[in-house]
Every structure is written in structure tokens, then in C-alpha cells.
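Written below as C-alpha cells is the structure these notes are about.
The values are calculated or read from the model by the stated rules, or taken from the named source; none is laboratory data. Note that the structure is predicted; figures quoted are calculated from it, not measured. Every residue, glycine as well, gets a Cβ built from its backbone with ideal geometry; the counts of neighbours run over all protein chains shown.
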Amino acid sequence: MLNIILFGAPGCGKGTQAARLAEHYDLYHISTGEVIRSEIKRGTELGKSMEGYISRGELAPDSIVVEMVRDYMRSHNDKGCIFDGFPRTTAQAEIFDTLLAEIDSKVDAMIYMDVPEEELVKRILLRGKDSGRADDASEDVIRNRIEVYNAQTAVVADFYRAQGKFESVPSMGTIEEVAERIGAVVEKYLRYNMSTKASCFSTTPTDIDVANGSSKTLSPEEKAHFDSMFPSLDSLMQFMN
Ligand code: ADP
């Protein structure tokens, strides 16, 4: 089980990269923005309650978004997941940790896609031409979303940095190039994850919950140890076979 948060400002390319990662590593992919848009499209009560926030480029209320994710996790807990656009506030991140702990799971890493602000606006305006998303068509709404990101969301990085789970990936370049950089980070975490499942890889076997396997987060020292022992996923797989 690998749970990865793909993080970054609106327009940084999270959706594109999340879909690729999910397919390549056989993970679920939840985009809270997509879930909200689908609720709005279907005209549900939930959708109606969120329409105003989205059209102004504001965040939907934490309580609603967290419930959506909780719902999703109920039926999607048999493999890992890429979280795209969630959590977007520290409150969401805190509740998310509790929610995952309840199902004996955890966030493995937050991958931050670093893109300069002017590029973000350009990309969203371009996307707006064929996405049909009203919130992509107006430069004012786009700028507001970026402002909301800077004011309320960027700080969520600190939450995961404090847990030793934050990774920054320069995300300018082609989709392919960015995918490769992100893939390298994901593979690193896959390696860590596999290592906690096999006590023979452990530097401190007693710390590792072999029966449960995935619930431990490696210390920075353990991560450095595995990086030097197994620089690639292939090398770890060969060792295990
Ligand atoms: P983008 O990354 O381009 O902002 P998204 O599809 O991720 O696009 O989100 C679109 C909109 O949905 C956001 O501007 C926000 O209003 C709402 N939204 C999505 N995820 C969340 C969340 N976790 N918390 C609050 N609002 C959210």
C-alpha cells in the first residue's frame, strides 16, 4: 500500500501526473476537484452546496471535502492511492491522518510539483480553452485560486515536512520529463515500503512490524541506509527474488 499526495498550485499538472502514476503503479486516484465537479454536474444537494465556492475560486468547506474522501476510502482501501488536490488545508491534513490511522494506513509521501506562478496562469488559461471548466476561463478566478493556494494550502507542506515525508520535484519541462522525476521519487517510497515488509532489510528489526508490514515510517537514517543498499527498485526486487 502506497499513499502519495500529489501537491502543488492549481495548474501545476497534478491531474495529468496523478493519472499516469495511478496507471503505472496500479494505484487508485482520487481528485477531490473532480469529485466536486461531478457532484455539481449531477445536480446533487452536495454539488449545489459547493457550486458557489468553486465558481469564485475559493475552497470548499473542510468538513464536506473530508467526508467525500472518507466515503471514497471506504470502498477503495485494498490498494494504495494518489491523492490529487487533497488535503488542501492543515485542518484537512490533520483529519486525514486520523482517518487513515483508523484503517491502519498512513500517508507515505507528499510530492510537491514546483512550477513558477506565471507559468501556472498560462497553463490554466490554455486548459480552459478545451476543459470547459468555468473556473479555468477567467483570469480573475485563476488568480484568486492561486492566492487561496498561497494563503491556505502552501502551508500544508510544513505538516508533511515535519513528518519527514515532503519531497519537492521541479515540474517545468515536458509531461514525460516531469513524470520521470516524480516516478523516481515514487519508486524510492515503494522501496522503503517493501523494505518494511521484510525484516531482513531492516537496520533495526525490532522496530519493524513485520506482521502488519506497511504501517511504519522509516527514520531518515533508515532511508539513507536503503538508498545506499538499493539505489533502484530493480535492485531491491533482484535481492528479494
Ligand atoms: P486545480 O488544481 O486546478 O485548482 P482542482 O480540480 O484540484 O483544480 O480543484 C478545483 C476546485 O475544487 C478548487 O478551486 C476548490 O474550489 C475545490 N476543491 C478541490 N479540492 C478541494 C479540497 N481538498 N478542499 C477544498 N476545496 C477543494
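Within segment 182-241, the residues that satisfy the criterion of being modelled with pLDDT of 75 or more, hydroxyl-bearing (S, T, Y), surrounded by fewer than 20 Cβ atoms within 10 Å (Cβ to Cβ) and under 29 Å from K14 (Cβ atoms) are S219, S232. The residues in segment 54-71 that are without any contact (Cβ under 8 Å) to a residue 60 or more places away in the chain and either among the hydrophobic types (A, V, I, L, M, F, W, C) or within 6 Å of the ligand (Cβ to nearest atom) (or both) can be counted, and the count is 6. A Cβ distance below 7 Å, combined with a sequence gap of six or more or placement on separate chains, defines the contacts here; from segment 26-52, residues that are touching a residue at least 24 places away in the same chain (Cβ under 8 Å) reach residues that are part of a loop (DSSP other than H, G, I, E, B) and among the basic types (K, R) in the pairs D26/K79; L27/K79; Y28/K79. The combined condition, being within 11 Å of the ligand (Cβ to nearest atom) and more than 19 Å from R133 (Cβ to Cβ), is not fulfilled by F86.
Going by what's in this entry, would K106 be described as buried (at least 16 other Cβ atoms within 10 Å of the Cβ), closer than 24 Å to E167 by Cβ, more than 12 Å from the ligand (Cβ to nearest atom) and of a type in the set (D, E, K, R)? Can you show your working first?
Numbers: buried (at least 16 other Cβ atoms within 10 Å of the Cβ): yes; closer than 24 Å to E167 by Cβ: yes; more than 12 Å from the ligand (Cβ to nearest atom): yes; of a type in the set (D, E, K, R): yes.
For K106, the condition - buried (at least 16 other Cβ atoms within 10 Å of the Cβ), closer than 24 Å to E167 by Cβ, more than 12 Å from the ligand (Cβ to nearest atom) and of a type in the set (D, E, K, R) - is met.
Cβ-Cβ contacts under 6 Å between residues 6 or more apart (or on different chains), taken from a first residue in segment 162-187 that is within 11 Å of L6 (Cβ to Cβ) to a second residue that is in a helix (DSSP H, G or I) and aliphatic (A, V, I, L, M), are listed as E167/V185; V169/I182; S171/V178. Candidates are the residues of segment 109-136 that are more than 12 Å from the ligand (Cβ to nearest atom) and not in a helix (DSSP H, G or I); the one that is modelled with the lowest pLDDT is G132.
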